[in-house]
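Report on the structure given below.
The values are calculated or read from the model by the stated rules, or taken from the named source; none is laboratory data. Nothing here was measured: the structure is a model prediction, and the numbers come from that model. Note that each Cβ is placed from the backbone with ideal geometry, even for glycine, and that neighbours are counted across all protein chains shown.
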Amino acid sequence: MSETAVPPAQAPAPALTHRQILTVLTGLMLGMGLGALDQTIVGSAIRVIADQLHGQTAQAWVTTAYLITATITTPLYGKLSDIYGRKPLYLTAISLFLVGSLLCGMANSIYELAAFRAIQGLGGGGLMSLALTIIADMVPARQRSRYQGYFMAVFGTASVIGPVIGGLFAGLDSFLGIDGWRWVFLVNLPVGLAALAVVAKVLNVATERVRHRIDYLGAMALVVLLVPLLTVAEQGREWGWLSSTSLTMYGIGAVGLLLFVFAENRMGAEALLPLRMFRQSSFRMGNLLNFLVGIGMFGGLSSVPLYLQIVKGLNPTEAGMMLLPMTAGIMVSTGVVGKLISKTGRLKVSIVGAAFMATALFLFSLIGVDTSLVQVGLTAVVMGGGLGMLMQTLTLVVQTGATPRDMGVATASVNLFRQTGGTVGAAAFLSVLFSTVGGRIADSTSAAFATPEFTAALRDPEVLADPVNRRFVEALQSGGAAGIDINDTSFLYGLDPRLSRPILEGFASSMDTVFFVGGCVVLVAFALTWFLRDIRLD
């Protein structure tokens, strides 16, 4: 690998003291923490939410809708903040996020919730990228990892608090007269209002505004490109991957890609994502890795809360607590890597992060019904360690090739590619899960009929005296495994363990497939990191 030094001129010298920077960071971290808290809080509660809204198999829309709008608006925030300043755009992002949170708390169906999550995403697209852009405005590249470590600490703290709060609310029938699960979204309101107040007061850093033309055609082309393809990723199992509807969506996406390339070439330096930036190896390779890591991170990890709650029978609060080891891995690796980069100026540590993450996903692909929670927790530590190394390092890789004029666009591109990968991963992998689980349950149930434990439970009068068991047996006798409704999995909690065993085995088998596919994707990312230039920060 060749070594590339970053010219000092590309790293703006800080005009603020360390204490002043930390003051600004307070406002930025509150805003960014809002988005991080929302992701973790929803993740631990989504099974209960989907059961309540009777939409377990459609739950991917709740994640996908948010990621689609967040992905599309991310580069727009970068460009608009260059024109109008970082502060007004950051306040706008927080405000939109709050409106979406309020609406999510009022949703009455899984599809309404998905629509309101899309509004949340309109704000969420700016929370992370603008925070990192502002830090890049203030801090030289070599010291940037030190301050980005604070962001990872906020992310880690949100990962600790979010799942626990989400599980707590999801486990309540009601709180203050409102359904418990609705507070998963409504809790954003006081946090967001505090963020608005702090950001309005402390974020008064002067940045050089750049006159830009807005690439509206590029933004519309990006919508035409992403939405049909992501819709197929979600609905492909229902339509058929090569059905006429799916092929039409592929065609529309291809037209969107051509329009996007045309629009970006036409706009030149004012493009939403200037094509000239792809000539920089650090930008090109860094964002390819961000895309692949996003697939593995969002796609693979979408099954962890489901595994813990459906297969292991944990309640939402317990499942949230089981994510704490991953948080510990993120926080420890972030601190260590940040100090190493600040001391050495080297970014090669991302290679190790990809290896950790791929290893963890492959280990997750081996879990089953009887897997120890200790094993799951230790694997989560490895996963968190890899994520902590990768997230801040790949951001720095992309930023090092950008001029001050392009810093907003370059930083936004990190989230654009990571969230695009996350959208693809979340939609496609949950689609894999629910397209295979029916067959896996059928296979497990057929095998169970040959076991004396299962057949004895089917005839046991004490078992059949329980209404939950009786309804399950009647559904099984009338329609076989196909008669089991997996849109609402809450029945598993009251089911006799002998009867629920084949269902749990079917879910575990499908989740293993999802983790394995995620591991393969991140393994490709690991291989590509060896072609990443050894960037030295001055």
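Quick rundown of the values:
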| item | result |
| --- | --- |
| Qualifying residue in the stretch 432-453 (condition: closer than 30 Å to residue 346 by Cβ, in the same structural domain as residue 127 (by TED's automatic domain parsing) and assigned to a helix (DSSP H, G or I)) | no |
| One residue from 243, 333 being of a type in the set (S, T, N, Q), farther than 19 Å from residue 421 by Cβ and either touching a Pro at 6+ places or on another chain (Cβ under 9 Å) or not assigned by TED's automatic domain parsing to the domain that holds residue 61 (or both) | 243 |
| Among residues of the stretch 289-309, those that are at pLDDT below 85 and closer than 21 Å to residue 493 by Cβ, counted | 5 |
| Wholly within the stretch 224-325, helices (runs of 4 or more DSSP H) carrying at least 3 residues that are within 19 Å of residue 72 (Cα to Cα) | 244-267, 281-294 |
| Boolean, residue 400 is in contact with a helix residue (DSSP H, G or I) (Cβ under 6 Å, 6 or more places away or on another chain) and crowded, with 23+ Cβ neighbours inside 10 Å | yes |
| Filter result for the condition that a residue is in contact (Cβ under 8 Å) with a residue 12 or more places away in the chain, touching a helix residue (DSSP H, G or I) at 6+ places or on another chain (Cβ under 8 Å) and not in a helix (DSSP H, G or I), over 531, 526, 507, 516 | 531 |
